[in-house]
Every structure is written in C-alpha cells, then in structure tokens.
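Notes follow the structure.
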Amino acid sequence: MFTKICLMACLWLLSIPVYGDQAEKEYLLKVQQDNKLLLEQSGLAIEPDEIGQIIPIKQEWTGAHSGIKEENYFLIDSKDQLDQLWKQHAPGISVPEVNFHAFSVIAVFGGELKNIKGYKAYELKQYHDFIRLRLDDDGYQTIGEGDKVTPFAIYVVPLITKKVLIQLNAPYYKGPRIWKIKKVLEVEKPAIIKKILHQP
C-alpha cells in the first residue's frame, strides 16, 4: 500500500509542468542579450575565443560597508582620482599609497544590497583588446530581512591601458556560473569621477 501511494505521488509530481527549466533558459537568454548589447556599445563585438593571460592582483580591499551607496565601477589612474574616491568610500581613513606610474586601481561598488560580505576576484585576464575582471559576490544567508550592506572591492593591478570588462557571477538561483557584464571601463578623467560622486 505504501509503495503504491509513493508511486502515485511520483507520477503526480512528474505530471506537473517544470517551469524552472524554461525560466532559467529565459534568464540566460536575457543575460546573453544584455552582454551582447554592452559589448557592441563599447566597440567590443564578441567575447574573446583566446585563452587570455592571467594578470596578478598586487593588493586588494573588500568588505560589506562603503560610504558609496550607489552601484558604480571605476578605473583609476592617478592619485587625485583615488583621493576623490576614497573620501567618499572611507572618510577619515588614510588613502593607500599607489605608484600610478606602474599600477592602476579598479574599484567596484555594489550599491545598497543585502547579505554580501564583499567581492572575490575569480580571475583577472588580459586579452588582445581588453582586460576582463570576473567577480563572485561573497554572500551569506540570514533569517528575516537580511543585513543591509554596501559591498565593495578595490584592486591594485599592473598599469592598465585597455578597456576593462567587469563581469559578475549572476547564476539562476543556485545553478552554475553565469557571467553578466556590469560595466566596460575606460580610463576616466578626475572631473568625471567627481561628477559621478556628486562632488562640487
């Protein structure tokens, strides 16, 4: 009797349409379309087939709380730019010393989110036309509404003279990695960074 009930239950479950598969396909298609559009707008027609060369990260800072509350991405190539950014990101804390003759800084700010400790660099690679930074968010679970955070990651890397493609792992539910393009960066002028940060 028990076996019969289990069999009937299994047959009933199998008869239910599996919406998850279709939703996942639609999500993946949307990410692919968005990625293609951003690449075309930035002058990068397709993602590279080449393997790419790994670039070492010299120094990094990441955490759950930044003074920058809006989602933003920056490629910084001068002390003045870094000073402007740091005053907004961590007021009252000394700005780190960076030799901008040899290094650049990539800064990632996630905006107002929940339950993220920061970001982990999955890989930083150089291709013929651009640099690609792939990130995983360092998330966790809580009971209730979750912890309000403004996660960030700041990386000191060898001097960059190419566009930087930033991708965040954005899987469907708990599925495999899906790399979503968040931004294509070029070297910004100090005035542009000041404007983005709403400074006078």
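The values are calculated or read from the model by the stated rules, or taken from the named source; none is laboratory data. What you see is a predicted model, and the numbers here were worked out from it, not measured in a lab. Counting neighbours? That spans all protein chains shown, and the Cβs are built from the backbone with ideal geometry, glycine included.
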Fill in: Filter result (assigned to a loop (DSSP other than H, G, I, E, B), under 29 Å from ASP21 (Cα atoms) and among the hydrophobic types (A, V, I, L, M, F, W, C)) within the stretch 143-177
ILE143, ALA170
Worksheet, complete the sentence: Matching residues in the stretch 151-174 (among the hydroxyl-bearing types (Ser, Thr, Tyr) and modelled with pLDDT of 90 or more) number 2
Fill in: Residue in the stretch 92-100 that is touching a residue at least 24 places away in the same chain (Cβ under 8 Å), out of contact with any helix residue (DSSP H, G or I) (no Cβ under 7 Å at 6 or more places or on another chain), small (Gly, Ala, Ser) and farther than 20 Å from LEU38 by Cα present
no
Practice prompt. Can you tell me which residue within the stretch 77-122, out of those that are of a type in the set (Ser, Thr, Tyr) and assigned to a strand (DSSP E or B), is farthest from THR62 (Cα to Cα)?
Written response: SER104
Worksheet item: Of (1) of a type in the set (Phe, Trp, Tyr); (2) crowded, with 17+ Cβ neighbours inside 10 Å; (3) closer than 15 Å to TYR155 by Cα, TYR122 satisfies all except one. Which?
Response: (2)
Discussion item. Residues to consider are ILE131, ILE116, ILE68; find the one that is in contact with a His (Cβ under 7 Å, 6 or more places away or on another chain) and surrounded by 14 or more Cβ atoms within 10 Å (Cβ to Cβ).
Written reply: ILE68
Worksheet item: Which one of VAL108, VAL31 is within 21 Å of PRO171 (Cα to Cα), modelled with pLDDT of 95 or more, within 18 Å of the chain's Cα centre (by Cα) and surrounded by 14 or more Cβ atoms within 10 Å (Cβ to Cβ)?
Response: VAL108
Fill in: Per-region count, the stretch 77-136, residues among the small types (Gly, Ala, Ser) and more than 30 Å from ASP147 (Cβ to Cβ)
3
Discussion item. Looking at ILE46, ILE51, ILE57, can you tell me which residue is farther than 20 Å from VAL108 by Cα, of a type in the set (Val, Ile, Thr) and at pLDDT 80 or above?
Written reply: ILE51
Fill in: Some residue of the stretch 107-118 being aliphatic (A, V, I, L, M), touching a strand residue (DSSP E or B) at 6+ places or on another chain (Cβ under 6 Å) and more than 17 Å from LYS180 (Cβ to Cβ)
yes
Worksheet item: Hey, LYS180 hits all of (1) out of contact with any helix residue (DSSP H, G or I) (no Cβ under 7 Å at 6 or more places or on another chain); (2) not in a loop (DSSP other than H, G, I, E, B) but one; which does it fall short on?
Response: (1)
